[in-house]
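Below is one structure; the comments refer to it alone.
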Amino acid sequence: MTNSIPSALREYARELLDITDLPEDAMFLELGGNSLSAVMLANRLEEDFGIRVCTEDILVSTLPELDEICSGLSPEG
């Protein structure tokens, strides 16, 4: 596991979408993501960082937008 949420976010997205090149300006949905892969990504972020990200936000956000969303969330506890 990486320590940085932005790094982890990109690593998880590459794994889930089975792609190596992640354009920063593309939405998760445009990269081939769907509701199931968005749920899987949200679950990984919650398991590893204790943050809950809405699957809708994952689907319609670019990676920089997701970075901002994640940085505004507090770990649950």
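Among residues of region 32-49 being under 20 Å from Ser4 (Cβ atoms) and more than 11 Å from the chain's Cα centre (by Cα), the one that is surrounded by the fewest Cβ atoms within 10 Å (Cβ to Cβ) is Glu47. Within region 6-59, the residues that satisfy the criterion of being among the polar types (S, T, N, Q) and not in a helix (DSSP H, G or I) are Thr20, Asn34. What are the residue pairs meeting all of these: first residue in region 59-76, first residue in contact (Cβ under 8 Å) with a residue 40 or more places away in the chain and surrounded by 17 or more Cβ atoms within 10 Å (Cβ to Cβ), second residue part of a helix (DSSP H, G or I) and acidic (Asp, Glu), Cβ atoms under 8 Å, and 6 or more apart or on different chains? Correct list of pairs: Leu66/Asp57.
Scanning region 60-76 for residues that are among the small types (Gly, Ala, Ser) and in a helix (DSSP H, G or I) yields a single hit, Ser71. Being touching a residue at least 40 places away in the same chain (Cβ under 8 Å) and either surrounded by 14 or more Cβ atoms within 10 Å (Cβ to Cβ) or out of contact with any Leu (no Cβ under 7 Å at 6 or more places or on another chain) (or both) is the filter here, so list the residues in region 1-31 that pass it. Listed by number, the residues that qualify are Met1, Ile5, Pro6, Ala8, Leu9, Arg10, Ala13, Leu22.
No lab work stands behind these numbers, since they all come straight from the coordinates. Computed from a prediction, not measured in an experiment: that's the story for all the values here. Note that we place each Cβ from the backbone using ideal geometry, even for glycine, and neighbour counts take in every protein chain shown.
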